[in-house]
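Right, one structure below, let's go through it.
The values are calculated or read from the model by the stated rules, or taken from the named source; none is laboratory data. Small disclaimer: the values here were computed from a predicted structure and weren't measured. Because the Cβ atoms are built from the backbone with ideal geometry, glycine has one as well, and the counts that use them run over all protein chains shown.
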Amino acid sequence: MNAETDPRKPTEGQLVLADGSVFEGDLIGAPVPIATGEVVFNTSLSGYQEIITDPSYAGQIITFTYPHIGNYGINATDFESVGTFCRGVVVRDLARRHSNFRAQADLGSMLFQQGVPGIAGVDTRRLTRLVRDHGAIPGAFGAAGYDELVAAAQAEPGTDGVDLVHTVTTPVGYSVPAVDPDHRRRIVAVDFGMKRNIALSLAKYGHVDVVRADTSAADILAMEPDGVFLSNGPGDPEMAPYAVESIRGLLGTVPIFGICLGHQLLGRAIGADTVKLPFGHHGANHPVKNLATERIEITSQNHNFAVDASSLPTNAEMTHVNLNDGVCEGLAVADERAFSVQHHPEANPGPHDANYLFTQFAELMNDSRAVH
């Protein structure tokens, strides 16, 4: 076979950022003319399948800082959603062979089947340093020329001022039965881009009804829940005023537990401000201090926005803080029976230091039941 017509021959491409920076590599995954998105980096050492299928990455191109990606393959169990919502992936070295007893396919094939474009062979160390120093930045990659790619990157809006929640929320509600039938709690989980394993984690404590992100407070309360869970999700919390309005209608009527975007939306519902971080928190190794116990927890995170701790109202308190940059990682409003954290307690992928928060939510629901 002529090498020039060999379909296995890598196609050269380049990643161009909105500031004009260029990174050369080989195109992988789904073939698209040009892929655009906000470029961020993730510092996890494993869990690439869960990361790529996390709806919170809608609108973003994921750069993996760990150099060797794909070595243990892909399996049907570790998908975090029914599809993929990220705009693309950037890796240093895509594994030529995978080896793991759970593996059913390779990462390259999964990217192709899921319609996710990617670029490999990139100097991800240089790219990560650039994003860390200058902040998350729009980018474009493909086989097109520099001028076309830089124009596409500069036209990409990123995640500021965009409602990405409506692109990832469930089209229709569904239920997840309680793992233990004796757990008769009824939990309503509002899906802002919820990962599959979060619903499974909640099901350990009761029956879970998952509803769309735009479900009103009245409709949620009509389901007579013992507690309401506010899920993770992508993008700018300011662009989801419908969710903030619903949460305000729930405050004080039912226990509330929020994570990630749900944490930010709860913050806005109680009157706090949210801000965009320079390059966000993306990884499974972020140190967080629990201010009540003074325990340091290693956490899994994925967000570009955060609650401004200085804007919290007097009836709320910050409960957790990120030790890398001092960002608010948790809040509680005791008189409203509501609390939230910025990180992912179900930790798929990642450590499980924070999964006690699900038990804390269950205890809050129990206490509310006893009072009412």
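Here is how the numbers come out for the structure above:
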| read-out | value |
| --- | --- |
| Subset tally (residues that are within 20 Å of residue 174 (Cβ to Cβ) and either free of Cβ contacts under 8 Å to residues at least 24 places away in the same chain or out of contact with any helix residue (DSSP H, G or I) (no Cβ under 7 Å at 6 or more places or on another chain) (or both)) for region 222-241 | 4 |
| Which listed residue is crowded, with 18+ Cβ neighbours inside 10 Å, at pLDDT below 95 and not assigned by TED's automatic domain parsing to the domain that holds residue 135, from 347, 272 | 347 |
| Residue selected from region 4-29 under the condition in a loop (DSSP other than H, G, I, E, B) and at pLDDT 95 or above, by the criterion nearest to the chain's Cα centre (by Cα) | 18 |
| Test result for residue 153, among the hydrophobic types (A, V, I, L, M, F, W, C), in contact (Cβ under 8 Å) with a residue 60 or more places away in the chain and not in a strand (DSSP E or B) | yes |
| Count of residues meeting criterion [farther than 15 Å from residue 274 by Cα, touching a Leu at 6+ places or on another chain (Cβ under 8 Å) and either assigned to a loop (DSSP other than H, G, I, E, B) or polar (S, T, N, Q) (or both)] in region 234-255 | 3 |
| Selection count, region 88-111, where residues are part of a loop (DSSP other than H, G, I, E, B), of a type in the set (D, E, K, R) and closer than 20 Å to residue 122 by Cβ | 3 |
| Residue 65 vs. criteria under 28 Å from residue 159 (Cβ atoms), surrounded by 15 or more Cβ atoms within 10 Å (Cβ to Cβ), in contact with a Phe, Trp or Tyr (Cβ under 8 Å, 6 or more places away or on another chain) and among the β-branched types (Val, Ile, Thr) | yes |
| Cross-chain or 6+ apart pairs with Cβ under 7 Å, region 62-87 first and under 30 Å from residue 126 (Cβ atoms), then of a type in the set (Asp, Glu) and assigned to a loop (DSSP other than H, G, I, E, B) | 70/106; 73/106; 74/106; 80/54 |
| Residue in region 352-372 that is on the phi > 0 side of the Ramachandran plot, in contact (Cβ under 8 Å) with a residue 40 or more places away in the chain and not in a helix (DSSP H, G or I) present | no |
| Only listed residue being at positive phi and either modelled with pLDDT under 95 or more than 23 Å from the chain's Cα centre (by Cα) (or both), chosen from 252, 326 | 252 |
| Only one of 210, 190 that is buried (at least 20 other Cβ atoms within 10 Å of the Cβ), more than 16 Å from the chain's Cα centre (by Cα), outside any loop (DSSP other than H, G, I, E, B) and at negative phi | 210 |
